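The values are calculated or read from the model by the stated rules, or taken from the named source; none is laboratory data. Predicted, not measured: the structure shown is a model, and the values here were computed from it. Neighbour counts run over all protein chains shown; Cβ positions are idealised from the backbone, glycine included. SASA here: full protein model, heavy atoms, side chains in, ligands and nucleic acids out. Shrake-Rupley method; radii C 1.70, N 1.55, O 1.52, S 1.80 Å.
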Amino acid sequence: MTDRRAFLSTMSRTVAGAVAVPGFARLQHASPRIEAEPTIFRANPDGRLTLVRFFVFGVDAPAGRLRVYDARRRLLGTAGVIRSGDVLYGELWLPIERQTGVQCELESPGVRGVFRSNHSLRPKRRWTVYWLTVADPERLCDALDAMTPMNRAVHSAMLSEARVVGNPLANAASLATDDHLPFLRMALPARSLETRLGVRVSPVAVDPEREGITSTSVLALAGSGVRYVARPWESGDDAIGWLGGPDGSRVITVAIPPGGAPRSLGFTESQGEMTRRVERWLETTPLLLSPGGEDGVTFVLGTDTEAPLATMLAAVREWNQRFAYPHIVIGPADDLPEALGRGSRPAFRSVPRLPDLATLTAIAESRRAAYNTRVATATRPVAALLDPGSAPEAGLQTVARHITTALPGTLVFNPTPFHRTGVTTMPDGSERMVTDVPGWGYAFLVDAPDPWGGAQSAKPVSGPVTELVGEHLRLELDPRSGAITSMVTREDGHEWVRSSGNGLNAVPGAIVDKLSRQSIPGVGTRLIARRWSPARGHFTTTVTLHDGMPWVDVENDAVVLGRRPMEYVFGFDTTDARVAWEVPAGHEEANAPVDRLTHLRWITLSSRAGNVLFRGHDAPYASVHADGTLVSYAPNGRSRYRFEVTTTPVGPPAATRFGWGAEPLVATAVRANPDGRLPRHDALLYVDQPGVAIIGIKPADDGNGVVVYVQELMGSSRYVSLGTGLLTFGAARIVDFIERDTGQEAHPVPKGVLVPLAAWGVAAVRLVDIGLGG
């Protein structure tokens with residue numbers, strides 16, 4: 001209190017308990033006793049004065065006077081003490097530095113003469129409370145869009161005053177099943193909020209559900225300018241920690257203490273109530289973020305911008321006028337003390353929750369749609385150069401119209417980073433083996449007479465209906481269950497199916513209704529089993545061995561009973577395997593068993609018996625048991641799998657090539673066009689080193705050029721050359737993952753640029769002055 005009369009007037013209206021302080025005791029004493037207790041409150045402007053509370057016990061008088069002197073008998077202050085319950089209570093602002101000795105003199109009716117007592121006072125920490133006004137960008141956009149222009153302008157002004165920022169980790173729960181680019185660009189909704197409405201991207205990501213942070217999400221967040229991650233505190237958490245990315249990037253983690261919300265702390269209540277709540281919270285919180293000395297830092301998280309924001313802002317402004325400390329900082333905390341970086345908690349693997357059948361089915365459909373989007377996005381820059389008025393989703397068709405050819409044919413596009421040889425479905429529905437299609441490029445095939453004398457459609461053939469024999473593998477199906485009970489590599493006779501299991505692609509209790517065998521000339525042979533399970537429903541399994549290829553393709557098409565995911569069991573003979581699996585922007589490893597991993601394009605099982613490469617196109621969730629059994633949790637409808645076995649050690653580069661190689665090639669018809677502008681065979685861009693992959697090509701968000709994402713796969717920092725192909729460019733700059741300029745230019749070399757890549761890292765490069773090459 002700054003005015004003594006106001007203090008006495010206020011305290012006279014205060015009943016017992018109105019001043020809630022730690023250590024208050026209702027005791028009767030035979031003689032006076034004075035207790036002095038420093039508080040967390042410090043006065044403006046510089047925080048040198050600390051509010052000290054005084055309690056006088058053993059006095060029956062209604063009030064008294066208390067003088068306080070320093071060690072040199074200089075008067076520091078005089079306070080009136082009035083009755084509050086069984087004690088006399090008063091308070092003073094005193095200059096306390098470190099350990100300070102003071103003498104109190106009490107005068108009160110019933111007290112003989114002047115009662116003196118000495119006290120040693122130690123100041124409490126100077127607290128800075130960061131109110132993180134981090135909002136969900138999509139919810140905030142929706143809320144603002146629903147307002148009238150006038151209300152939107154008023155609300156935007158309040159958002160600006162509150163320094164509200166967009167959460168770059170708004171959709172944490174869906175990140176595990178995202179592809180590389182959506183994952184790396186997880187901060188894009190916040191960036192869109194910034195470009196549309198001027199609400200900045202927050203340097204503090206908020207993970208409210210504690211399930212969005214993995215090692216590669218650290219890479220993605222750090223690559224988008226995020227320095228801190230705030231998450232609710234749980235038992236066992238450190239107040240400060242750090243999470244590391246595979247490329248050496250780091251973000252600092254800070255724990256939000258229990259009760260650390262504006263409403264809980266009384267930001268919408270009276271100043272007296274807010275004072276009591278904040279003091280109680282700071283005195284009792286189990287967390288302490290202390291950069292050193294007498295300073296303390298903690299956090300309040302308030303993301304609900306629809307709350308009475310104006311009321312809370314006014315409360316905080318008045319608070320900071322009253323107190324130097326605790327000081328409440330509003331906004332994105334750009335100036336958090338660097339000493340917070342002393343945390344020492346490494347990154348961890350979170351175990352994902354297994355979704356129900358409907359959610360898995362929606363994820364599978366989303367993945368298929370994302371694949372089509374990737375094809376359209378990659379071809380759009382070339383299409384825009386050829387035909388600026390073409391539809392964005394028809395990029396491949398636009399490219400096909402400009403192929404130089406005197407004969408009609410088919411354009412096969414490879415939307416993956418690596419040269420491919422594989423099977424594609426032609427525009428007429430037939431299947432055809434296509435060779436040497438460049439990564440992020442295409443090959444043109446002339447319509448030629450069918451060497452097999454007819455359409456290359458599947459045809460029934462004679463032979464053992466339960467056996468498939470290819471160049472590399474021999475498979476046998478169980479005629480009763482439809483599972484693959486034997487998979488032998490022909491070169492060495494090694495059996496890859498565990499004898500004690502139920503086989504590969506097994507469903508417990510499954511029964512075969514019908515088995516058939518088909519041959520596709522020039523492509524391969526397949527077995528088709530119509531199966532059903534009393535507990536899980538009907539499903540059709542197709543097992544294909546492609547001519548000359550070392551892998552097996554399995555497709556299940558199911559009508560599943562119940563709400564649980566369909567479970568397909570693959571009993572590989574890989575006991576005690578080391579398990580590795582691709583996640584967005586990287587990979588993770590662990591020893592089996594591994595429960596509920598989520599893979600993007602590949603899983604590897606490495607054991608003494610050999611190595612298995614596995615991919616579930618439509619089923620990202622899986623578990624691996626200690627005996628090598630892999631359980632895939634699949635959606636309703638189609639579930640496609642590819643697996644390959646080898647005795648050669650398999651690292652991330654080979655596994656990545658395998659995983660991308662399972663992506664479908666895309667074919668579209670081409671009419672004769674002798675005056676076309678494009679060659680018959682080319683790639684959009686090229687990289688010159690092994691163990692490097694272009695994982696995405698897209699038009700820049702602002703329309704200025706093309707942005708290319710390049711990933712390092714061998715764990716070696718280096719420079720790689722990004723060269724021209726169908727696309728040429730005049731200059732290149734390094735940008736972050738939401739396409740903000742980093743100020744770093746890529747070094748030009750003939751027909752390309754050198755791009756710096758950290759080990760296991762990803763770089764984003766903006767190419768400008770785009771032209772048409774080839």
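Kindly check whether there is at least one residue in segment 105-125 that is buried (at least 17 other Cβ atoms within 10 Å of the Cβ), touching a residue at least 60 places away in the same chain (Cβ under 8 Å) and within 30 Å of GLY198 (Cα to Cα).
no
When residues of segment 464-485 are filtered for being out of contact with any Gly (no Cβ under 8 Å at 6 or more places or on another chain), open to solvent by less than 60 Å² (accessible area, probe 1.4 Å) and more than 15 Å from LYS514 (Cα to Cα), how many remain?
Looking only at that region, the number is 3.
Can you find even one residue in segment 259-282 that is farther than 29 Å from GLY743 by Cα, open to solvent by less than 30 Å² (accessible area, probe 1.4 Å), at pLDDT below 85 and not aromatic (Phe, Trp, Tyr)?
no
Return the residue satisfying two criteria in turn: it lies in segment 498-520 and is open to solvent by less than 30 Å² (accessible area, probe 1.4 Å) and outside any strand (DSSP E or B), and of such residues it is nearest to PHE643 (Cα to Cα).
In this case the residue turns out to be ASN505.
Taking segment 168-220 as the search range and keeping residues that are of a type in the set (A, V, I, L, M), out of contact with any strand residue (DSSP E or B) (no Cβ under 7 Å at 6 or more places or on another chain) and part of a loop (DSSP other than H, G, I, E, B), which one is modelled with the highest pLDDT?
Here the answer is MET186.
I'd like the residue in segment 126-158 that is among the hydroxyl-bearing types (Ser, Thr, Tyr) and under 30 Å from THR275 (Cβ atoms) and, out of all such residues, is surrounded by the most Cβ atoms within 10 Å (Cβ to Cβ).
THR133
Evaluate segment 121-133: report whether one residue or more is in contact with a strand residue (DSSP E or B) (Cβ under 9 Å, 6 or more places away or on another chain), over 20 Å from TYR325 (Cβ atoms) and modelled with pLDDT of 90 or more.
No, because not a single residue in segment 121-133 is in contact with a strand residue (DSSP E or B) (Cβ under 9 Å, 6 or more places away or on another chain), over 20 Å from TYR325 (Cβ atoms) and modelled with pLDDT of 90 or more.
In this structure, is VAL523 over 39 Å from the mean Cα position of the chain (by Cα), free of Cβ contacts under 8 Å to residues at least 40 places away in the same chain and open to solvent by less than 20 Å² (accessible area, probe 1.4 Å)?
No.
Residues are listed down the side, and each one gets a yes or a no for (1) modelled with pLDDT of 95 or more; (2) open to solvent by less than 20 Å² (accessible area, probe 1.4 Å):
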| residue | (1), (2) |
| --- | --- |
| TRP660 | yes, yes |
| ASP675 | no, no |
| LEU685 | yes, yes |
| GLY696 | yes, yes |
| GLY703 | no, no |
| PHE729 | yes, no |
| GLU739 | yes, yes |
| LEU754 | yes, no |
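Does ARG191 satisfy the criteria of being open to solvent by 40 Å² or more (accessible area, probe 1.4 Å) and free of Cβ contacts under 8 Å to residues at least 60 places away in the same chain?
no
Name the residue that is modelled with the lowest pLDDT, counting only residues in segment 370-391 that are open to solvent by 10 Å² or more (accessible area, probe 1.4 Å) and among the polar types (S, T, N, Q).
Filtering first and then ranking leaves SER390.
I'm trying to understand the selection: among the residues of segment 126-143, which are over 17 Å from VAL226 (Cα atoms) and not in a strand (DSSP E or B)?
If the condition is that a residue be over 17 Å from VAL226 (Cα atoms) and not in a strand (DSSP E or B), then GLU138, ARG139, LEU140, CYS141, ASP142, ALA143 are the ones that fit.
Where the second residue is part of a helix (DSSP H, G or I) and open to solvent by 30 Å² or more (accessible area, probe 1.4 Å) and the first is in contact (Cβ under 8 Å) with a residue 12 or more places away in the chain and on the phi < 0 side of the Ramachandran plot and lies in segment 126-155, which pairs have Cβ atoms under 6 Å and are six or more apart or on separate chains?
PRO137/PRO189; GLU138/PRO189; LEU144/ARG152
Taking the stated definitions as given, is ASP618 in a loop (DSSP other than H, G, I, E, B) and without any contact (Cβ under 8 Å) to a residue 60 or more places away in the chain?
no
Looking only at segment 541-563, which residues are more than 24 Å from MET433 (Cα to Cα) and either at pLDDT 95 or above or touching a strand residue (DSSP E or B) at 6+ places or on another chain (Cβ under 9 Å) (or both)?
ALA558, VAL559, VAL560, LEU561, GLY562
Can you pull out every residue in segment 68-102 that is assigned to a strand (DSSP E or B), open to solvent by 20 Å² or more (accessible area, probe 1.4 Å) and closer than 14 Å to PRO32 by Cβ?
ARG83
For segment 668-687, which positions are aliphatic (A, V, I, L, M) and under 13 Å from ARG401 (Cβ atoms)?
ALA669, VAL670, ALA672, LEU678
With respect to the numbered conditions (1) open to solvent by 10 Å² or more (accessible area, probe 1.4 Å); (2) closer than 20 Å to ALA255 by Cβ; (3) modelled with pLDDT of 75 or more; (4) not aromatic (Phe, Trp, Tyr), which one is the sole condition not fulfilled by LEU288?
With respect to (1) open to solvent by 10 Å² or more (accessible area, probe 1.4 Å); (2) closer than 20 Å to ALA255 by Cβ; (3) modelled with pLDDT of 75 or more; (4) not aromatic (Phe, Trp, Tyr), LEU288 is out only on (3).
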